[in-house]
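Derivation of every value follows stated rules applied to the coordinates shown; laboratory data play no part. Keep in mind it's a predicted model, so treat the numbers as computed, not measured. Cβ atoms come from the backbone with ideal geometry, glycine included; neighbour counts cover every protein chain shown.
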Amino acid sequence: MTETRTQKLLSGAILLVASLLGLGAFLYPFFQASLPSTGMMAHATDAPLLFILLLLLCLAAVFASLTGRQMTSKLVAVLGILTALSAVLRVAPGPAGFSAIFLLPILAGYCYGPTFGFLLGALSLLVSALIGGSVGPWMPYQMFATGWVGLLSGWLPELPWQRRWEPVMLAVWGWVLGLVFGAIMNIWFWPFLAGSAQAGQGWQPGMSIWPALRNYAAFYVATSLWWDVGRAGGNALLLLLFGAPILRVLRRFRSRFRFDVVPEVVLTRSQSPRPQ
C-alpha cells in the first residue's frame, strides 16, 4: 500500500512538473528585458525542446500510472483508442472556432481522473496535428492547453446520485473551458506582436500588470472573443447531446479494467495452517 501511494505521489509530481513547465513557457516572455517582434514564429527555436520535454513527461506519467496501479495495460489501450478518436474529431471541420477535440478529454478526465485527462488532451492534440499537417511552434502550447482541459475536468466532483444533471454541469464546464482555452492560447504569441502596444492592444517590456491586462482584454475582444464563443457553444452542445451515453461507456470500461488492490497478508509460522 505504501508503494502504491508513493507511485501516486510520483504521478502527481510529474503532472505538477509538466504544468509548471507549461506555465513557464507561456509566461517567460513577460520577464524578458526585450523581445523580438516576430509574431507567431517567436518560439521557432524553443518549441522543439518544449515538445520533447512534454512528450517525455507524458511517457513518464504513463509509466508511473502503470507501476502505481492507477492504470492497467487495458486502460492504456483505451487511452490510445480515445486519443485516435479525439484526433479525428479535431480534424473534422466545424463553424467558427468549433472543435470537437475537447469532448473526450473533458469526459475522460471527469471519469478517469486528472492524469488520464491530461494525457488524453495533450496526446490528442499531437496526433491531430500530425494528421492535419498543422505542426508548428504553436503545437506544444496547444498540447499543454488541451492537456489542462482534461486535467481540470478530472477535479470535478462526480454526481452519482444525480446522474441526470451531469450533462448540464459538464456542458457549463465545457462552455467555460472553451473561452479559457482561447484566452490562454493567445498568450503564446501576444507579447511578440509588433505595433500592437502602440494601438493599445499589446505588451511592452516593463509594462505593469494592470495596463497589460487592459491591453490584452482589448486584444482578446477585438480578435478572438467571437471565435472562442463558437468553440464554447460547440463544447456545451456536444456535452449536452452525447455526454451521458459516452460517460456510460467510459464507466463500463472503468469498472472492468480497474485494479482492486488487496493488502498482502503474511502468515507467521504460528499462524500457518497445521496439517491434519
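For the pair residue 77 and residue 176, a Förster radius of 41 Å applied to the C-beta separation gives a FRET efficiency near 0.85, rounded to the nearest 0.05. For the range 2-255, the square roots of the Cα gyration tensor eigenvalues, ordered a ≥ b ≥ c, give a/c of at least 1.5 with a/b greater than b/c, which places it in the prolate category. By definition, a body whose alpha carbon gyration tensor gives a ≥ b ≥ c is oblate when a/c is 1.5 or more and a/b is not larger than b/c, and the range 44-140 fits this oblate description. The phi torsions of the range 23-29, fed into the Karplus equation with coefficients 6.51, -1.76 and 1.60 and a -60° offset, translate into couplings of 4, x, 5, 6, 9, 4, x Hz, rounded to whole numbers, with Gly and Pro shown as x. In order along the range 173-183, phi translates into HN-Hα couplings of 4, x, 5, 4, 5, x, 6, 5, 4, x, 5 Hz, rounded to whole numbers, per the Karplus curve 6.51 cos²θ - 1.76 cosθ + 1.60 with θ = phi - 60° and x for Gly and Pro.
Rounded to the nearest Hz, the phi-derived 3J(HN,Hα) couplings of the range 30-35 under the Karplus curve 6.51 cos²θ - 1.76 cosθ + 1.60 (θ = phi - 60°) are 6, 10, 8, 6, 8, 9, where x marks glycine and proline.
For the range 2-255, what relative contact order do you get, as a whole percent, if you take Cα pairs closer than 8 Å and at least 6 residues apart?
Details: 360 pairs, mean separation 62.2, N = 254.
Result for the range 2-255 is 24 percent.
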